[in-house]
Amino acid sequence: MSTSEINVSANNNNQTMKAIRQHEFGGPEVLQYEDAPIPELAAGEVRIRVHAVGLNPPDWYLRECYKMLPPEWQPKVPFPIIPGTDISGVIEAVADDVDGFAIGDEVYSMVRFPSYGLSRAYAEFVTAPASEVALKPRGIDHIHAAAAPMSLLTAWQFMIEVGHDVQNPLQPNKHVPVPIEGKKVLINGAAGGVGHLAVQLAKWKGAYVIAVASGKHEAFLRDLGVDEFIDYTRTAAEDVVKDVDLVIDSVGGPTTGRFLRTLKPGGALFPIFPLGFSGAEEAGKLGVTVSATQVRSSGAQLAEVAQLLHEGTVRVAIDSTFALADARLAHERAAKGNLQGKIVLRTR
């Protein structure tokens, strides 16, 4: 089916929208608020009028051209690009071959991730494959719904169900979540976007949860039900914690190996950002599994977790909100770190 054969709800030809675009790699200053064409609808897609956009680390990784990766892994992108993946909004057009969605549906999505510049979420309109879209949880607003997709899918795919067969190129084995009911789970970076949702999924599954974060987040994490709290600015968790079944390190990177000593034999360390880990030999000697996966878009999983969000079983915390035009300021906030939950852009 060609685009010309698809019926849409309104003729948006030759119309523009406001979007954040970047024409080069760099710091937050490369994010430009400007006019852009409203995206055309293709087969298998819906077009969404965006109400809110959730920010995630891959947004600034892409902005900087994934500079932490080896040059051969750095993506080639089609400038100008519109960054971002996570949205909540209202469907305003549906392709003829799409079933299950209608104009006016409130939906949320992590759009086309990973695709390196083709998700185009920092905008007033976005198109998305219907397979990556789910109805917005009724019990939350667009701000909270937009904050959920990537962080919640990351926690879900690491801890509950991978839901895809794409191999992580950094490891030879497929990532397999481990049972956590009745187990002791340590979560590092527990107040951040992925961390605070991992805390809640672990508690939902019946785990004993040790949260590691800075002291300013203790009350927040206690309210989420953590059983123990460690202020990393005062105490190194690896010096005081022993016999843990699973560590979710939502910070990851080269320092994640320090958590190996907290695990019991047969335990598992899941670094959300595994690049730089160099403790494979030590992990083998300790009988510890180290594993990661890369989050992938999934409308089916978003539909599954929607009930948890609707009921309040899982709550998304909002660190701060900014107007779409102020995306540069939002990225500057992210660069300061020590987030409590998610940053969200408002388009309306």
Legend entry - Among beta bridges that DSSP assigns inside the chain, antiparallel share in %, nearest 5: 55
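With a 10 Å Cβ neighbour count serving as the proxy for reagent exposure, in which order, fewest first, do 196, 175 appear? Please list the in-between numbers first.
Details: 196 30, 175 18.
With the sparsest Cβ surroundings first, the list reads 175, 196.
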Legend entry - Folded to 0 to 90 degrees: helix 193-204 orientation relative to the chain principal axis, Cα: 60
Inset, instruction - Give the shape of the range 182-322 as rounded, prolate or oblate, defined through the alpha-carbon gyration tensor: a ≥ b ≥ c are the square roots of its eigenvalues, a/c under 1.5 means rounded, and otherwise the shape is prolate if a/b is larger than b/c and oblate if not. - result: prolate
Inset, instruction - Grab the beta carbon distance between residue 235 and residue 102, set R0 = 51 Å, and tell me the FRET efficiency rounded to 0.05. - result: 0.45
Legend entry - Neighbourhood net charge (13 Å Cβ-Cβ; Lys/Arg +1, Asp/Glu -1) for residue 90: -1
Legend entry - Whole-angstrom gap from the range 126-192 to the range 307-340, using each part's C-alpha centre: 16
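Output the peptides 112-120, 68-76, 85-93 sorted from most to least packed, where packing is the average of other Cβ atoms within 10 Å over each peptide's residues. Can you show the working numbers first?
Values: 112-120: 19.2, 68-76: 10.1, 85-93: 25.2.
Put in order of decreasing packing, that is 85-93, 112-120, 68-76.
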Inset, instruction - Compute the relative contact order of the chain as a whole-number percentage, counting only Cα pairs closer than 8 Å that sit 6 or more residues apart in sequence. - result: 18
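Rounded to a whole number of µm²/s, how large is the Stokes-Einstein D of the chain at 10 °C and 1.306 mPa s, given Rh as the Kirkwood radius over C-alpha pairs? Don't skip to the end; give the middle numbers.
Numbers: Rh = 20.7 Å.
Using the Kirkwood radius from Cα pairs, D works out to 77 µm²/s.
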Legend entry - Net charge of neighbours whose Cβ lies under 15 Å from the Cβ of residue 236, counting Lys and Arg as +1 and Asp and Glu as -1: -1
Legend entry - Extreme residue, positive dipole direction of the chain, given options 197, 131, 210 (C-beta unit charges): 210
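What is the local net charge at residue 197, summed over the other residues whose Cβ is closer than 12 Å to its Cβ (Lys, Arg +1; Asp, Glu -1)?
On the way: positive: 203, 315, 342; negative: none.
Charge balance in the 12 Å sphere: +3.
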Legend entry - 18 Å Cα-Cα threshold exceeded, pairs from 174/205; 67/342; 183/242; 183/342; 183/205; 174/242: 174/205; 67/342; 183/342; 174/242
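Could you line up 156, 204, 60 from fewest to most neighbouring Cβ atoms inside 10 Å? Intermediate values should be presented prior to the final figure.
Working: 156 24, 204 15, 60 18.
The fewest-first ordering by Cβ neighbours comes to 204, 60, 156.
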Legend entry - Computed [θ] at 222 nm, deg cm²/dmol, the chain (DSSP H ≥ 4; -39,500 (n - 2.57); rounded to nearest 500): -6000 deg cm²/dmol
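Quick note: the coordinates plus some simple rules give every number you see, no bench work behind them. Owing to the predicted nature of the structure, the values given are computational and were not obtained by experimental measurement. Positions of Cβ are backbone-derived with ideal geometry, glycine not excepted, and every protein chain shown enters the neighbour counts.
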